Structures are given as structure tokens and as C-alpha cells.
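Values quoted throughout were computed directly from the atomic coordinates according to the rules given, and no laboratory measurement underlies them. Fair warning: this is a prediction, and the values are worked out from it, not measured in the lab. A quick note on method: Cβ atoms are made from the backbone with ideal geometry, for glycine too, and the neighbour counts reach across all protein chains shown.
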Amino acid sequence: MRFLKLFGHLIIILLLTVLTQIGGLIWLFALLVSIKLKKKKRFIFPIFYLIFNLLIIPPIAKSFGREQLPVFNDHLKPRNWVYPLLFRNYVIPDLKDLLESSAKNLKHSNISITYLDANFPFINGFPLLPHLSHNNGKKIDISFMYLDKNGKTTNKKPSVSGYGAFTNSKNTTAENCINKGYWQYDYTKYVTFGITNDLKFDKAKTKLLIQELLNSKLTEKIFIEPYLKTELGLNNYTKIRFHGCGAVRHDDHIHLQIR
């Protein structure tokens, strides 16, 4: 029985570490405190988790060169509370400054920057799964812009997660990659967690958003699907590149990477 409990704790620690980087340590700490105080860990853990998330980790991460992105900001915000809750909204100061200045410049065009996965608080090279490269504080995924059913620009997004709502189901690049054996290329269609079908891709505002991000000298590259680069009239921008078949489709979000 003790072995099963120990094994269960190890599995929980592993899963929390993979998902949040910090959660496994918080679980272990909460477990030790619950044993010491003879309190049930189902009460201790969520309290400790929120304390670490809101008060302890942000200043520690800042001293290690990473900063938490805003959560309750109208012009720079996460797609939903999951990203900050899972410690996935950390970047280096330069990237935070770029995003904040871009958001400030874009608000006059009724554009808000909605971010998805960024990076964990600590350790270059620590993988933020399922991403291949979000491991040094210099990368972030950003949502496209959309039109509502009346044809007006909205900051709403079609999928709950921010991923998987592709702008074009007939994507030749996706077909070619999948036919080459890269089965994972469109797997994000399974992690939408729900889709709103009354939104339409806003090409004009998405183009403005990408161009604003490209205005910064810090921007090293942006990933979107090749057909979108053409459709948006962005072929002259060499920093917009194809991410390769080893990644996933990028006709549901923008991948921004700085130097």
C-alpha cells in the first residue's frame, strides 16, 4: 500500500513538472507540510499552488532573467487563465518590452495581443511540451485576429485553447508534411477544447499585428504557414519563415521569436 502511494505521488510530481515546471515541487512541499500539520493535502496544495503562482515565483523568476506577462491587461493578455496558471507565461525582459510596446501601438487599431504558450520561469533548455523550442524565454505564440458574425473586428478567438482552429482546412503544406510521415503536423485540431464557428479570420488586422511585431529590431523570425504569408501579402518579409514539417501547423497562430 505504501509503495502504491509513493508511486502515485511520483506520477503526480512527474505530470505537474511536465505541465508546469514548478508544480511538482509545490506538490512535494504541500505533501510535507500536510504530514507535519496533519492536514489533508487536497486543502494544502491548491492554497500553496496559488501562493507560489501569484506571489513567490514571479519575483524569483525575475531575478533569474524572466518576467511574467500581464494577465489582467486589456491589450496584452492570455487566451485564458490556463496559461498563467500553468506558469507558461514567462519571457525574457526584451520580449516582454516588445510585446508591451506593440500592444500599445496596436490598441488604436482595436487590436489586442492575445498570447498562448510562452515559456516556463526557469532554466534554459527545459522543455515546454509539446513545443520544440519554447525553452529559453525568447519565444511566444500569439493568436490571429478575427471578425464577428457582423464582420466587425473582435478580440474573441475561435478555439478555447487558442490552437487548432485552422484558417484553411485545405492546406497543401500540411498534406505534404503528413504524407511524408509527420503525423503530428495537424494534431492541434484535437486540443481546441471547443470551437466557436461564428468567427472569421481577419486578414487585415492579422497582417497589421504581424507587421507591428516585425517593426522591432529584436524580432528574429516569425512562423506562419507559407500560404498565409502569400495571402496576407507578406512575401517581402524575410523574417517570416516556414517552420518545417517537424513542428505543427501555423495557420491557427503566430510564433514569434526574438534574438
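Annotations
- Relative contact order for the chain, counting Cα pairs under 8 Å that sit 6 or more residues apart, in percent: 16 percent
- Note on F29/D97: beta-carbon distance plugged into 1/(1 + (r/R0)^6) with R0 of 51 Å gives a FRET efficiency of 0.95.
- R0 of 35 Å, Cβ-Cβ distance F242-I11: FRET efficiency to nearest 0.05: 0.40
- For region 8-112, lysine pairs with C-alpha atoms less than 14 angstrom apart, excluding pairs fewer than eight positions apart on the same chain, total 5.
- Mean separation of Cα pairs under 8 Å and 6 or more residues apart, divided by the residue count, gives region 69-137 a relative contact order of 35 percent.
- Calculated Cα extents along the principal axes in Å (choose from [x] 53, 47, 32; [y] 62, 41, 37; [z] 47, 41, 37), label: [y]
- Each Cα pair under 8 Å and six or more residues apart adds its separation to the average, and for region 80-229 the resulting relative contact order is 23 percent.
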